[in-house]
1. Averaged per residue, what accessible surface does the chain expose to a 1.4 Å probe, in Å²?
2. Hey, which of these cross-link pairs are over 28 Å Cα-Cα: K136/K336; K218/K305; K218/K246; K136/K270; K246/K336; K50/K332?
3. Just order 231-243, 69-81 by mean Cβ neighbour count inside 10 Å, highest at the front, would you?
4. Sequence neighbours fewer than 8 away in the same chain don't count; with that in mind, list the aspartates and glutamates whose C-alpha is under 15 Å from K200.
5. Roughly speaking, what is the centre-to-centre gap between region 272-304 and region 242-260 when only Cα atoms are used, to the nearest Å?
6. So what is the 222 nm mean residue ellipticity for the chain from helices alone, if each DSSP H run of at least 4 adds -39500 (n - 2.57) and you divide by all residues, rounding to the nearest 500 deg cm²/dmol?
7. With a/c under 1.5 counting as rounded, go ahead and sort the chain into rounded, prolate or oblate using the C-alpha gyration tensor (a ≥ b ≥ c being the square roots of the eigenvalues; past the cut-off, prolate if a/b is larger than b/c, else oblate).
8. Indicate the gyration tensor shape class of region 45-203 (rounded, prolate or oblate), computed on the Cα atoms with a ≥ b ≥ c the square roots of the eigenvalues: a/c under 1.5 is rounded; otherwise a/b larger than b/c is prolate and the rest oblate.
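The values are calculated or read from the model by the stated rules, or taken from the named source; none is laboratory data. From a predicted model like this one, the values you see are computed outputs, not experimental measurements. Virtual Cβ from ideal backbone geometry, glycine too; neighbours counted across all protein chains shown. Each accessible area value is taken on the protein alone, full model and side chains, heavy atoms only, with ligands, DNA and RNA left out. Shrake-Rupley method; radii C 1.70, N 1.55, O 1.52, S 1.80 Å.
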Amino acid sequence: MFDANRFISARARGVDASGIRRVFDLAATLADPVNLSIGQPDFDVPQAVKDAAIAAINSGMNRYTQTQGIAALQSRVGDLITRELPNWSPASKTNENGFATLITSGVSGGLMLAIMACVGPGDEVLIPDPYFVMYKHLVTLAGATPVFVDTYPDFQLTAAQLEARVTPRTRMLLFNSPSNPTGVVATQATCQVVAAFCDKHNLLLLSDEIYDEFCFEKSPCHDGVNRCPSPARFSDHLLLLRGFSKTYGMTGWRLGWAAGPKAIIEQMTKLQPYSFVCAPSMAQMGGLEAMNVDMSAQVEAYRLKRDLVTRRLAEAGYELTTPGGAFYAFPKVPQKLGLTATQFVERAVAQSLLIIPGNVFSSRDTHFRISYACDDATLNRGLDILATLAK
Ligand code: PMP
């Protein structure tokens, strides 16, 4: 008899299905769920960006692009780095051979290439916990070992937490701010600590800044402009990943970019033809236009939603580290209920509220993730249910 299961590799078996997918499956069984589990903006792609992609298709830009991405988009990303990160100039300390850029198929594509290019069996990768689910699995797929660094209760990474987990086998730190799932923004001081720790231990710092535009706690840069704090301001020893998915509501278009030391980007570029080939051609043309679009009104609307969530959760008695960015909050299940987060989420689902239990993103199962990337009516309905559940 043909047994298809016989063909599944140990590598695939080593990865468990995303807990978020299980919540989506549950959602499909509910008639009118209040869905606070969605990890993407509720606004549509700006019209100018759509028009640029449609024009690209109509003008025949439907073929493979250069694997590193179209020159015009690469050049825009290069300009952004020159403007925001002057310490990354080719003359700087560790970047004496210069930095390079690569247009990727989303930040996911950049993560996959970076991890495949840089770590393998015997290597350890530090992952602050709670973490974006993909990190653990990509590191495992690469044959390396994820080592979690507990950051509860305030989710600001400290030198002591990192020093306790580093070993001679540590090769990389996966850093993410603003964070999925906590929404916490690393302070400028935390970014400095993280950069110094990686320099001290000669680790590659991978900074996933996909939510950088959704930041309500900006700090002044060298040029006086307020931006989201980033370890890239303090080190040129790092690989920076940013994307278009969240900022412009274009998660389905699959576009992001990587920037960092040339030797690393070259290896990632070498792997791209054997995996993603190139980022979608029309999405690259859309992305080029997106870089001219001001999204501050959308970000401001999300700040108001963040304020609503923090106020109403506090009124209901939830413990919450104030999220300074992204579009998530990560409250604690009230102790008095005596429930794990998984049990608490089961109760929420019984009330038609979809949220994600903390153990999907963490070794702990004490908190849950709410996404507030939805309209205010849905958000208020969800917060009503949470208020009832806390009683
Ligand atoms: N990093 C983080 C922290 C994310 O939350 C996501 C999307 N959920 C990604 C990377 C991947 O985004 P994309 O591949 O759409 O750019």
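1. Values: 16740 Å² over 391 residues.
Accessible surface, normalised per residue, equals 43 Å².
2. Values: K136/K336 31 Å; K218/K305 18 Å; K218/K246 18 Å; K136/K270 24 Å; K246/K336 36 Å; K50/K332 40 Å.
Checking Cα-Cα distances, K136/K336; K246/K336; K50/K332 exceed 28 Å.
3. Values: 231-243: 24.2, 69-81: 17.1.
Output ranking for 231-243, 69-81: 231-243, 69-81.
4. E163, D236
5. First find each Cα centre; the distance between them is then 5 Å.
6. Values: 13 runs with 146 residues, N = 391.
For the chain, the value works out to -11500 deg cm²/dmol.
7. Working: a/c = 1.36, a/b = 1.28, b/c = 1.06.
Judged from the Cα gyration tensor, the chain comes out rounded (a/c under 1.5).
8. Values: a/c = 1.80, a/b = 1.68, b/c = 1.07.
Prolate.
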